[in-house]
Each structure stands twice: as structure tokens, then as C-alpha cells.
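**Q** My structure is below; once you've seen it, I'll send some questions.
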Amino acid sequence: MPNWYMLTLVGIDKPGIVANITQTLFDANCNLGEASMNRLGGNFTIMVMVSSECDKQAMEEKLKSRCEELSLRFHIDEIEGKLHNHHIPDVSITVSCSDHAGLVAQVTNTLYDAGLDILDLNSDVAGTTSKPIYIFQIDGQAKNGIDALKKAIDPFKDQGIDISLSEIETLVG
Amino acid sequence: MRKDILTYPDLRLKEESLEIEHFDDSLLKIIQNLEDTMGESPGAVGIAAPQIGYHIRAVIVDVSGRKKIKHHGHLVMINPEITKWEGLKVGREGCLSVPDFTGNVVRAEKIKLNAFNQFGELLSFEMEGYEARAVQHEIDHLDGLLFLDRLVSRKNDLFKRKNYQ
């Protein structure tokens, strides 16, 4: 049985990183699982599941020189590779407002208390340097029902935080 | 009789299905197989004949189990043809033929269509929302298309959701 690892890579973004790293992993007889790459504030970031017969130290050896060439920092965690078990979100929430500290904590704690299990979160700082706005999108499962979430987010309207919530009805045909 | 559902990347899912010309017992038998297969697929609101290996233009759609939506009940549709499309909306879809994956797809919000039932009677429908989406998903199967062929960005919707607080 191969071992599963979560490989995290961070560095200044430039074209070709994904092609380069995935080729290096393939050449090292690794197999990829699920991955999520994002460009965050000009930084390249990726988390990718990698399966390999190697132990962690050997994995690090395989990646070291290539990551140095690409000026990437990397980190490897041993993980359980549980595939074919996606959770389907039933609610999507979009939040936007002028950027201020504590916003995400405030909103996500409120949603958590109302039964939200977050499956996916993406956030962006948009607007301008002098007038930044914060926008984040969450997909999740409403463990206590959609109405509980709607009720919980209602007070945000008076605080200049725009939250829209829509039910996701996944069609299977 | 319940049949095995073809799953991606089975090439038979990419084939175009043929118009049905004879409304006979062999058609009714295939419809029954579709009914039985869909009935044993929890959560499924539709099924198309090519998903169980018959390349004929027959689908079943039944979204009546969903709360608070407009629908036409349990529908067997033969040679369905959409004649009018209106509006676009992003929605999340999965498929019996693509296990363990869901994604966002843009579909027409409202459609008009003609279809025969299993007895050869021509019917016309005006549909919207979830039911219209289900029909478009199933008709795609008849044209050899999967929702994977229509995926849009997982991160950003192309169109703002309407349901604002």
C-alpha cells in the first residue's frame, strides 16, 4: 500500500510551477490525488495529495532541489488518503463588506453556532488600497437547516455586512 | 428489471441516441427497466435510456419529491425536443453516471418542450427551475453529453445568485 502525503508548496508565483512540480513527482513514481491551487496575494500556493511508496524523508529528498530551483518552500504531512467520499454542500453563502479585522471570525463563528459545516471557502481582498473590500464565498452543509442560518445572519444586515445565502439543490440525473 | 448504470469514461455515454419510431412493447420494456433502475438509485430525479445502454431518445424525469417547486409530476418523455429557452442560471449537478462528483452548470431557467409519452401521445410542457434543469440534463445524455462537458468555475458563479437577503 502506498503512503499518502499532503504536499504544501508556497512561493512567489510565476508561470510553469504546476507543470514543473507535477513532472518532478511523476518522475519520482508518485501519484497525485486531489489538489487545490490558489494564487493568494501574488503567492503561489498549492496543497496536493501525493501517494508514494517512499517514506517522508525520501519524499523530501525528491522535492528539495526542484523546490530550491523554483524558490518554493514546501512542507509534507503524512495523511489518510480518503478518496471517493465527497460531502455535498447544501448551502452557499457570499459575504462582502469593507475590509476590517475580525470579519471572518465574526461571520464564521455565527454560522458555526447555527449549524454550518464549512466544506469550501474562498476569499478575496478586492477594491483599492485606500478602500479595500473583503469578499468571501462559503459552500457548506447546514446541519440545523437553512432557516437556522438565515436567522443567524439577519443581524449582520444592520452592521454593513452583506450576506447572501442560497440553498444548493444538487440535481442527480 | 434494474440494469447496471454506465459510468464515465464509458464511451457509450458519448454516443448520440436515435429517435424512437415505434411505440411498442419493446419500448415499454425499456421504460420499465429505466423506472426500476431509477427507483433503486437514491436521490435521482431523472434517468436517460443511454445511461443503461439503450441508445434511444427516452428519458424519465420526476422532481415531485422536491419541496416547494413547480413540476409536472412523473414524466416519461420520448423524443423530447426543447423549442424555447429563456434565461440562464447556475446550479449544482451530479449524475448517476459520474459517481462522487458534483459541479456547477449553466442551464436555461425556463424551457418549452414537446415530447411523446410512452404511448405515443404528443405532449407540450412549459417548465422552469429545477424541473427544467433536470430535463436539460437528461436530454444532454441523448446527445452524448455529460454535465462534465458543461462545468463552469467552482469558485465563482457566472451569474449572481438571485436569492439575496
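**Q** So the check is Cβ under 9 Å with 6+ separation or different chains; which pairs have a first residue in region B:129-143 that's under 17 Å from B:Asp10 (Cβ atoms) and a second one that's among the charged types (D, E, K, R) and in a helix (DSSP H, G or I)?
**A** Cβ pairs passing all conditions: B:Asp140/B:Asp149; B:Asp140/B:Arg150.
This table checks each residue for (1) among the charged types (D, E, K, R); (2) open to solvent by 60 Å² or more (accessible area, probe 1.4 Å).
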site	(1), (2)
B:Ile111	no, no
B:Ala115	no, no
B:Glu121	yes, yes
B:Met127	no, no
B:Tyr130	no, no
B:Asp140	yes, no
B:Leu146	no, no
B:Arg150	yes, yes
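**Q** Okay, moving on. Any idea how many residues of region A:23-81 are of a type in the set (S, T, N, Q), over 30 Å from A:Thr129 (Cα atoms) and not in a loop (DSSP other than H, G, I, E, B)? Talk me through it step by step, then tell me what you get.
**A** Initial filter on region A:23-81 (of a type in the set (S, T, N, Q)): A:23-24, A:29, A:31, A:36, A:38, A:43, A:45, A:51-52, A:57, A:65, A:71.
This time we only want the ones that are over 30 Å from A:Thr129 (Cα atoms), so: A:23-24, A:29, A:31, A:51-52, A:57, A:65.
Subset that is not in a loop (DSSP other than H, G, I, E, B): A:23-24, A:31, A:51-52, A:57, A:65.
Residues flagged as of a type in the set (S, T, N, Q), over 30 Å from A:Thr129 (Cα atoms) and not in a loop (DSSP other than H, G, I, E, B) within region A:23-81 amount to 7.
**Q** Could I ask something else about it? Please go through region A:141-170 and pick out each residue that is out of contact with any Phe, Trp or Tyr (no Cβ under 7 Å at 6 or more places or on another chain), among the aliphatic types (A, V, I, L, M) and within 11 Å of chain B (Cβ to nearest Cβ).
**A** First pass over region A:141-170, keeping only residues out of contact with any Phe, Trp or Tyr (no Cβ under 7 Å at 6 or more places or on another chain): A:141-162, A:165-168, A:170.
Subsequent filtering for residues that are among the aliphatic types (A, V, I, L, M) retains A:142, A:146, A:148-149, A:152-153, A:161, A:165, A:168.
Passing the criteria: A:Ile146, A:Leu149, A:Ile153, A:Ile161, A:Leu165, A:Ile168.
**Q** Determine whether region B:42-50 contains at least one residue that is within 26 Å of A:His87 (Cα to Cα) and in contact with a His (Cβ under 6 Å, 6 or more places away or on another chain). It would help to see each step written out before you state the result.
**A** Initially, region B:42-50 is screened for residues within 26 Å of A:His87 (Cα to Cα), giving B:42-48.
Add one more test, that the residue is in contact with a His (Cβ under 6 Å, 6 or more places away or on another chain), and what stays is B:48.
Taking every residue of region B:42-50 in turn, at least one turns out to be within 26 Å of A:His87 (Cα to Cα) and in contact with a His (Cβ under 6 Å, 6 or more places away or on another chain).
**Q** While we're here: Just give me the residues in region A:126-151 being farther than 30 Å from B:Val45 by Cβ and either surrounded by 13 or more Cβ atoms within 10 Å (Cβ to Cβ) or of a type in the set (S, T, N, Q) (or both), in sequence order.
**A** A:Gly127, A:Thr128, A:Thr129, A:Ser130, A:Ile133, A:Tyr134, A:Ile135, A:Phe136
**Q** Right, here's the next one. So B:Pro50 clears everything in (1) facing chain A (nearest Cβ under 10 Å); (2) outside any strand (DSSP E or B) except one condition, right? Which one?
**A** Unmet condition: (1).
**Q** Please find, among B:Ser64, B:Ser41, the residue that is hydroxyl-bearing (Ser, Thr, Tyr), over 13 Å from the mean Cα position of the chain (by Cα) and within 13 Å of chain A (Cβ to nearest Cβ). I'd like the intermediate steps shown before the answer.
**A** Numbers: B:Ser64 fails: within 13 Å of chain A (Cβ to nearest Cβ).
Among B:Ser64, B:Ser41, only B:Ser41 is hydroxyl-bearing (Ser, Thr, Tyr), over 13 Å from the mean Cα position of the chain (by Cα) and within 13 Å of chain A (Cβ to nearest Cβ).
**Q** Report every pair of residues separated by at least 6 positions or lying on different chains whose Cβ atoms are under 8 Å apart, first residue within region B:83-107 and more than 7 Å from chain A (Cβ to nearest Cβ), second outside any strand (DSSP E or B) and among the polar types (S, T, N, Q).
**A** Final answer for the pair search is B:Ser97/B:Thr7; B:Ser97/B:Gln51; B:Val98/B:Thr7; B:Pro99/B:Thr7; B:Asn104/B:Ser153; B:Arg107/B:Gln136.
**Q** Same structure again: Six or more apart or on different chains, Cβ under 8 Å: which pairs go from a residue in region A:149-170 that's touching a residue at least 24 places away in the same chain (Cβ under 8 Å) and basic (Lys, Arg) to one that's crowded, with 17+ Cβ neighbours inside 10 Å and not in a helix (DSSP H, G or I)? Could you list them?
**A** Between residues of region A:149-170 that are touching a residue at least 24 places away in the same chain (Cβ under 8 Å) and basic (Lys, Arg) and residues that are crowded, with 17+ Cβ neighbours inside 10 Å and not in a helix (DSSP H, G or I), the close pairs are A:Lys151/A:Ala114.
The values are calculated or read from the model by the stated rules, or taken from the named source; none is laboratory data. Not measured: the values here are computed from a predicted model. We place every Cβ from the backbone using ideal geometry, glycine too, and count neighbours over all the protein chains shown. Keep in mind that these areas ignore ligands, DNA and RNA; they rest on the heavy atoms of the full protein, side chains included. Shrake-Rupley method; radii C 1.70, N 1.55, O 1.52, S 1.80 Å.
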